[in-house]
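A short write-up of the structure that comes next.
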Amino acid sequence: MNRLIETIRNIFKIEELRKRILFTILIILVYRFGSFVVIPGIDPNQLSALRNSSSQGLLGLLNMFSGGAFGNASVFALGIMPYITASIIIQLLGMAVPYFQRLQKEGESGRKKLNQIMRYLTVIIVIIQAPGYIKNVLVQLPNQAVTPFDPNVSNPGFFFWFSSVVLLVAGTLFIMWLGEKITDRGIGNGISLIIMIGIIARLPGAFAGECAARFAQGGVGMLWLVIELIVLFFVMVGTIALVQGTRKIPVQYAKRVVGNRQYGGVRQYIPLKVNAAGVMPIIFAQAIMFLPITIAGFRQSEALTGFAAAFTNVNGFWYNLVFFVMIIAFTYFYTAVTMNTNQMAEDIKKNGGFIPGVKPGKKTAEYLDTIMSRITLPGSIFLGLVAIMPAIVSLMGVSSAFSHFYGGTSLLILVGVVLDTLQQIESHLLMHHYDGLTKTGRIKGRIGRM
C-alpha cells in the first residue's frame with residue numbers, strides 16, 4: 001500500500017506526465033458526455049424500447065463498444081467501429097494492392113496519405129450505416145414519435161434524415177479526433193483507450209444487474225455468481241498469459257575481428273510471440289460478422305429469418321462456429337504478414353548469425369516458419385475460445401449484458417490497453433529516475449496498434 005501511494009506521488013511530481021494524465025481524463029470525460037447527447041428531434045424519454053433491444057445479442061455487442069451511445073440514440077451512436085473497419089480495409093489493401101504497399105514504405109508522408117484515405121473511407125462507411133441505424137431508432141420509438149418540428153408527426157422528412165446522418169458522421173469523426181489528441185498529448189493509444197472506456201462504462205451496470213439476478217435466486221444464485229467470477233478470473237489470467245507469452249529462439253553470432261577489436265561471439269534470443277497478431281484477428285472477424293446486421297438495418301435478430309437470423313444470433317451455434325474458424329484463419333493470415341520469416345533469416349545472416357543446428361538462409365526461414373506455425377496454433381485456438389466465451393457462459397445462465405465481458409475482444413482490449421498505458425507511465429517514471437510500477441522487471445505493453 002505504501003509503495004502504491006509513493007508511486008502515485010511520483011507520477012504527479014513529473015509535470016509532463018501529470019499534464020498528460022489530466023488531459024487524457026478530460027478527453028475521456030468529453031467522450032462520455034457526448035455519449036448522452038441525443039440526436040436532435042428524438043425524444044430521449046421514448047428510448048426505453050431501443051435500450052432494451054440493444055441490451056442483448058449483436059446489438060448489445062455494438063452498444064458495449066460504443067459505451068452505451070448506441071442505445072441512447074446519441075450523436076456518438078456508431079462509435080469508433082467505422083474507423084476500425086476502415087483501418088482493417090486499408091491494412092488488407094496494403095497486403096494486396098501495390099499502391100498501398102508503396103505508401104506503407106514511404107515513411108511519414110505515406111502514413112499521412114493512408115490516414116487521409118482512412119478518414120474518407122470512414123465517412124463513406126458511416127454514411128452507409130447511418131440510415132440503417134436511424135431506421136432502427138424510428139421503428140423502436142412508439143408511433144415513430146420523432147421530428148425536428150412536431151413530436152406527433154409520424155413520418156419525419158428529408159431534413160431530419162439529412163441532419164441525423166450528418167451528425168452521426170460528425171460524431172464518429174469527432175471521436176477519431178479525440179483519439180488522435182490522446183495519442184499526441186495524452187497517455188496511451190487514443191483509439192484503443194476510447195474503445196476500452198466504452199467497454200468499462202457498461203461493466204458496472206451489467207455486473208450490478210447480474211448480482212441482483214443472483215441475489216433474487218438466494219443461495220443457489222450466490223453460488224453461481226461465485227462460479228462466474230472464478231471463471232472470469234481464470235479467463236483473464238489466461239488472456240494475460242496469451243498476451244505476454246513468447247518462445248525464445250537462440251541465435252549464435254560468429255566472432256569477427258576488425259582492426260584491434262573483436263565483435264560477435266555472443267548468443268542472443270529472438271522472442272517469437274505466441275499471439276503475434278494480438279487482438280486484430282478478433283477485430284477482423286467481428287467486423288465481418290457485423291455485416292449481416294448492418295445489411296439488415298440494425299434490426300433485432302428475432303425479426304430476421306434464415307441466414308440473417310443465424311448470423312446475428314451471437315449465442316447461436318453457426319455464428320460461433322464460423323466466428324471461431326475465422327479467428328484461427330485470420331490469426332495465421334495476420335501472423336504470416338506481420339512476421340516475415342524470410343526477412344528475419346536474411347537479417348540474421350547479414351549480421352553473421354545463425355541458429356545452432358540450422359543452416360543460414362532458406363533453411364533458417366523454413367525453421368522459423370515451422371516454429372511460428374506450431375506456436376500460433378495453440379495461440380489461435382485459445383484466442384478463438386476466449387472470443388466465443390460469451391456464448392459458452394450464457395449456457396450457465398449468465399445474462400447477455402454481463403456475458404459480453406467474457407469475450408476475447410473485450411478482455412484482450414482491456415488487458416492490452418491497460419498494460420500498454422502502464423508501460424508508458426513506467427517509462428516516464430524510469431526516465432526521471434523513479435522506481436517503476438513493479439518490484440521486479442518491467443511492464444510489457446502488448447496491443448496491436450489500430
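Taking a straight line from the alpha carbon of K181, these aspartates and glutamates sit under 16 Å away, with near neighbours fewer than eight places off in the same chain left out: E16. Applied to segment 198-212, the Karplus parametrisation 6.51 cos²θ - 1.76 cosθ + 1.60 on θ = phi - 60° returns per-residue 3J(HN,Hα) values of x, 5, 5, 4, 8, 5, x, x, 5, 5, 5, x, 5, 5, 4 Hz, with x for Gly and Pro.
Too long at a 27 Å Cα-Cα cut-off: which of K273/K359; K273/K363; K112/K135; K105/K350?
Correct reply: K112/K135.
Computed from phi, the 3J(HN,Hα) profile of segment 372-386 under the Karplus parametrisation 6.51, -1.76, 1.60 (θ = phi - 60°) reads 4, 5, 5, 7, 6, 4, x, x, 5, 5, 5, 4, x, 5, 5 Hz, with x in place of Gly and Pro. Applying 1/(1 + (r/R0)^6) with R0 = 41 Å to the Cβ-Cβ distance of L229 and V325 gives a FRET efficiency near 0.85.
FRET efficiency for the pair T246 and Q343, taken as 1/(1 + (r/R0)^6) with r the Cβ-Cβ distance and R0 = 22 Å, rounds to 0.70. A simple rule links phi to the HN-Hα coupling: the Karplus curve 6.51 cos²θ - 1.76 cosθ + 1.60 with θ = phi - 60°, which for segment 124-135 gives 4, 5, 5, 4, 6, 7, 4, x, x, 5, 4, 4 Hz, with x for Gly and Pro. If you plug the beta carbon distance of L92 and I381 into 1/(1 + (r/R0)^6) with R0 = 30 Å, you get a FRET efficiency near 0.80. Taking amide H positions as modeled 1.01 Å from N, with prolines and chain starts lacking one, the residues under 5 Å from I270 and 5 or more places away or on another chain are I249, V251. Give the accessible area for E346 in Å² (nearest 10); use a 1.4 Å probe, count only protein heavy atoms, and leave out ligands, DNA and RNA. Answer for E346: close to 80 Å² accessible. With contacts taken as Cα pairs under 8 Å at a separation of at least 6 residues, segment 86-138 carries a relative contact order of 30 percent.
The values are calculated or read from the model by the stated rules, or taken from the named source; none is laboratory data. This structure is a prediction, so every number in the text was calculated from the model and none was measured. Ideal geometry is used to build each Cβ from the backbone, glycine not excepted, and the neighbour counts take in all protein chains shown. Ligands, DNA and RNA are excluded from the accessible area calculation, which covers all protein heavy atoms including side chains. Shrake-Rupley method; radii C 1.70, N 1.55, O 1.52, S 1.80 Å.
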